[in-house]
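Taking it in order: structure first as structure tokens, then the write-up.
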Amino acid sequence: MKIILKQLLITLIALFLIFGCAANSPNNDAESREEMGEDVDDLFGIPEDEESSAPSDDEAEVLRLLGISKEEASEQTSEEIEPTEEATELNDEINRLENRLDQKDSEISNLKSEIALKDQKIDELQSSLEQTPRPESYSAATGSFKEQYNIALSEYNSRNYKSAISRFQDLLARDYNNSLSDNCQYWIGESYYGLGNFNQAIVEFTKVFSFSKSNKFDDAQLKLGLCYYRLGDKEKAREEFSRLVSDYPNSEYVSKAQQYLSQL
């Protein structure tokens, strides 16, 4: 700041000398300006290699002439030397974000390693499953369809109706097109009838007619009439018994159906 003031003062004095002392020779001008500069340094007490941050009285006078206060000059000097508070906060925030970014990079790297390890374990499990021998077929493990059918029928005859239902259902899931499958379906209906669940028995007996051929059609038809009879639905019972007589006239159950019809 003092250098600027010095130059301004030198300029003012030089102008004064040019206009006030025009008669002086040009050769003396340079020497006069040099001496003037030294006098100005002496006047303001400015060392040759050092600048003071606080303005002297003469500097204050020059600042006054230029319309600049001491406080403004001091603030300008401080702003040039010291960073602002906002700049310091911004720098701290940048450093903080850089640290967080480094942490996230580290976390991503760890996650990638964990994923790679899990993929490796999955591949090992799949390879192990492929090498595991498959179990024997249902037939080999549990015997023939006929053998399992007889066991299920034995459960029904022993009044183990729930066990019979489960076994007959397993046989149907195993082979729905077996020659004994329609019988399995019929005995499921009979098991529900034995449990007193007549509504479900109606559902199961009706399924018997979904088979293209069966020796249990007339049996199922009779049981449908009996289910409705047990439920107290006389109209539906009469309808089912009548269907047995008309659709299966040669059935051994015709006489029984006619007997129930006479009671309705």
Flagged in segment 223-242 as among the charged types (D, E, K, R) and closer than 12 Å to Thr206 by Cβ, in numbering order, are Lys223, Glu240
Residue within segment 228-241 that is at pLDDT 95 or above, out of contact with any helix residue (DSSP H, G or I) (no Cβ under 6 Å at 6 or more places or on another chain), surrounded by 15 or more Cβ atoms within 10 Å (Cβ to Cβ) and aromatic (Phe, Trp, Tyr) present: no
Could you please find all residues in segment 160-183 being surrounded by fewer than 15 Cβ atoms within 10 Å (Cβ to Cβ) and basic (Lys, Arg)? Lys162
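Which of the helices (runs of 4 or more DSSP H) found entirely inside segment 164-262 contain at least 1 residues meeting this: among the small types (Gly, Ala, Ser) and closer than 30 Å to Glu147 by Cβ?
Once the helices (runs of 4 or more DSSP H) in segment 164-262 are filtered for at least 1 residues that are among the small types (Gly, Ala, Ser) and closer than 30 Å to Glu147 by Cβ, what remains is 181-194, 198-207, 217-231.
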What's the number of the condition Ile188 fails, among (1) more than 48 Å from the chain's Cα centre (by Cα); (2) within 22 Å of Cys227 (Cβ to Cβ)? (1)
Complete set of residues in segment 73-104 that are modelled with pLDDT under 65 and of a type outside the set (Gly, Ala, Ser): Glu75, Gln76, Thr77, Glu79, Glu80, Ile81, Glu82, Pro83
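The values are calculated or read from the model by the stated rules, or taken from the named source; none is laboratory data. Everything numeric here is computed off the predicted structure, so don't read it as measured data. We place every Cβ from the backbone using ideal geometry, glycine too, and count neighbours over all the protein chains shown.
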